[in-house]
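J.: Okay, handing you the structure first.
All of the numbers you see were taken from the coordinates with simple rules; none came from a lab. Being a predicted model, the structure only gives us computed values, none of them experimental. Quick reminder, even Gly has a Cβ in these numbers, built from the backbone with ideal geometry, and neighbours come from all protein chains shown.
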Amino acid sequence: MKTTQGKNVYELAQERLDIIFRDFDTVCVSFSGGKDSGVLLQLCIDYVIRHGLKRKICVFHMDYEIQYQYTIEYVDRVLKSHPDILEVYRVCVPFRVSTCTSMYQNYWRPWQEEMKDIWVRPMPQDSYHKEDFPFYTDTMWDYEFQMHFAQWLHQRKDAVRTCFLIGIRTQESFNRWRCIHLARKYQMYHTYRWTSKIGIDIYNAYPLFDWKTTDIWVANGKFGFDYNRLYDMYYRAGVSLERQRVASPFLGEAQETLKLYRAIDPLTWGKMIGRVNGVNFTGIYGGTRAMGWQTIRLPKGYTWKSFMQFLLSTLPERTRRNYLRKLTVSIEFWRNKGGCLSEQTIQRLQDAGIPIEVMNSTNYKTQKRPVRMEYLDDINIPEFKEIPTYKRMCICILKNDHACKYMGFALTKEEAYKRDKIMEQFKNMML
């Protein structure tokens with residue numbers, strides 16, 4: 001693919017690797033076993049060989065215990081492929097990992113010692129365990145672990161500058177586009193927008209940010225790179241290229257395709273059912289109305305608010321309180337502060353006779369105007385996902401969306417406290 005600079009994405013990636021291997025004495029590739037991180041790692045290996053560099057590449061792989069056998073085999077092949085070049089950090093740690101398969105729990109732990117008898121597979125040899133990381137605590141989420149690992153590796157290598165290479169592409173999602181293009185003063189390496197500072201002399205870099213899905217597969221074919229054969233199975237199962245992803249099978253985004261485990265990897269599927277709560281139910285009903293997918297229907301005799309109350313009454317107490325806290329925060333936000341909506345959306349609300357209060361200014365950097373309003377039962381407009389309705393809350397509950405990402409809820413006080421605590425730990429790293 002040609003870019004506005006007249007160069008194709010491969011040529012631009014090579015220029016970025018020139019900068020990375022020139023300016024950073026420690027380079028670490030975050031390798032998940034997916035197509036993007038796989039191509040990125042292969043490009044780095046190829047770069048070191050072609051340029052005759054006498055140095056190693058660190059590889060950071062978070063092993064989540066439960067994955068397709070194809071993915072495990074691919075990871076094993078790659079991590080053993082170039083022992084003279086790769087310095088492998090295969091991490092098997094029982095951090096918290098989000099799950100949307102259960103109404104009873106919002107996280108699970110891979111490699112949890114108390115669950116050793118029902119681990120899906122034996123722990124890989126030569127892996128790193130929680131005892132290897134002095135910063136580990138049992139309250140730590142996987143994303144927190146990644147932040148701490150960056151600092152740990154930087155100190156372990158006694159590095160001058162450390163760069164973590166991440167295989168994300170802006171085509172994948174709006175959040176990934178923002179990660180690259182959002183203005184970040186003093187948070188880039190020099191003026192390179194495809195980098196972000198995560199600590200003192202520690203940076204993330206995204207050399208493939210402008211690649212498309214087709215570019216990834218062209219690279220695999222043209223250069224003969226090894227790849228995860230799971231994608232062949234996805235193709236045979238009729239999964240579109242854009243939806244072929246390798247990730248934790250219990251995330252909300254994976255609900256719809258969790259059932260493929262039964263056909264592609266039945267042995268792993270059988271072990272998963274007893275390992276994580278709600279897997280079988282999600283495998284059967286993920287992607288259906290029963291879990292908030294497609295067009296959900298309101299049961300006869302209910303309003304969306306009363307249906308939400310019924311759904312909440314079926315939940316465990318802790319889960320119910322979690323949703324109610326988030327709902328309270330959201331109601332107060334829309335009632336007192338207001339959400340920012342476009343002029344077109346505002347006009348549609350007014351045309352529908354919805355009572356709203358439109359204000360003229362906001363502290364957010366947007367041309368949209370803040371709108372105060374009460375929660376609605378439902379509304380039939382194209383911007384449905386932007387409007388606070390009890391129907392959207394019902395969808396969150398059906399999806400086991402404990403974080404209420406579908407609602408775009410603001411953080412609760414408890415979650416804001418946890419976030420601030422994490423940021424406090426890392427503020428000295430960002431100086």
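J.: Given contacts defined as C-alpha pairs under 8 Å and at least six residues apart, what's the relative contact order of region 38-113, whole-number percent?
T.: 30
J.: OK, next. With a Förster radius of 30 Å, plug the Cβ-Cβ distance of residue 141 and residue 243 into 1/(1 + (r/R0)^6) and report the FRET value to the nearest 0.05.
T.: 0.75
J.: I would also like to ask the following. Rounded if a/c is under 1.5, else prolate if a/b is larger than b/c, else oblate: which is region 304-421, with a ≥ b ≥ c the root eigenvalues of its Cα gyration tensor?
T.: Oblate shape, in that a/c is at least 1.5 and b/c is the bigger or equal ratio.
J.: Another question, if that's okay. Determine the relative contact order of region 9-214: mean sequence separation of Cα pairs under 8 Å and six or more apart, normalised by residue count, in whole percent.
T.: 23
J.: Sticking with this one: Quick one: which of 334-344, 68-78 comes out on top by average Cβ neighbours within 10 Å, and what's the full order, highest first?
T.: 68-78, 334-344
J.: Could you give me the ³J(HN,Hα) list for region 323-339, computed from phi with Karplus coefficients 6.51, -1.76, 1.60 and θ = phi - 60°, whole Hz, x at Gly and Pro?
T.: 5, 5, 4, 5, 5, 4, 4, 5, 4, 5, 4, 5, 6, 10, 9, x, x
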